[in-house]
């Protein structure tokens, strides 16, 4: 997926502002850097792009010039080698429109996002000062998706994150603190039940000897009593 053009139609401080990245070059790099002074709208443009892909956020802070009902973002995305024009409005359903203004399924875009959520996409692909700084810390601490992504890539461990996720899921299935449904918790509960059952029927050796002596004594007395009655 490639962003061909971003239309900030009514969004944040912008009205009918377009950022055109041009067609994809046949060869060579395809890198574009959006730069400018503070408060010129770089973060607004980035947020607008994310809102185009995932929907305008429920409590968007970019309605200070245009009301929620008037907010609108457009753009041209290159998907599968073809250009597709979309418009995004601020509403809970049918917010994604095609070039004719008709609602289209979110799958028209989400099918090309490899299952990434907004947060995951922003972390991996949306580079601004804050994201770069946070990503640098994640790399140094080897935590977070961005840190794992770059760490495993540089270390030649392409599948390490996936393997780690599988192992973490397996560990959670076996044991999780204060969880009652894990395999270990269920086995521990069953062990306690069996111990209680064993304790209920278990008899100490000393008690057994005493009871056995009482049984033998009672048997002898019974036999004597039967013998005396027979005389």
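Structural remarks
- Exposure proxy for 226, 33, 73: other Cβ atoms within 10 Å of each Cβ, ordered fewest to most, give 33, 226, 73.
- Here the Kirkwood formula, the inverse mean of 1/r across different C-alpha pairs, assigns the range 183-230 a hydrodynamic radius of 14.0 Å.
- Separation in nanometres of the label points that stand 7 Å from Cα toward Cβ, at residue 3 and residue 21: 0.6 nm
- Residues 40, 182 in ascending order of nearby Cβ atoms (within 10 Å, fewest first): 40, 182.
- Computed log₁₀ I(q)/I(0) - Debye formula, equal Cα scatterers, no solvent, the range 2-114, q 0.20, 0.24 Å⁻¹: -1.11, -1.47
- Cβ-Cβ distance of residue 190 and residue 106, R₀ of 35 Å, FRET efficiency by 1/(1 + (r/R0)^6): the value works out to about 0.15.
- A full extension of the chain between residue 175 and residue 219 corresponds to an added length of 10.4 nm, given 0.36 nm per residue minus the alpha carbon distance.
- For the range 66-99, backbone nitrogen atoms closer than 17 Å to the point 7 Å from residue 125 Cα along Cα-to-C-beta are found at 74-88.
- Separation of alpha-carbon centers, the range 65-106 and the range 40-61, rounded to whole Å: 13 Å
Here, each number is a calculation from the coordinates, and none is a lab measurement. Keep in mind that what you see is a predicted model, and the values were worked out from it rather than measured. Every residue, glycine among them, receives a Cβ derived from its backbone with ideal geometry; neighbour counts consider all protein chains shown.
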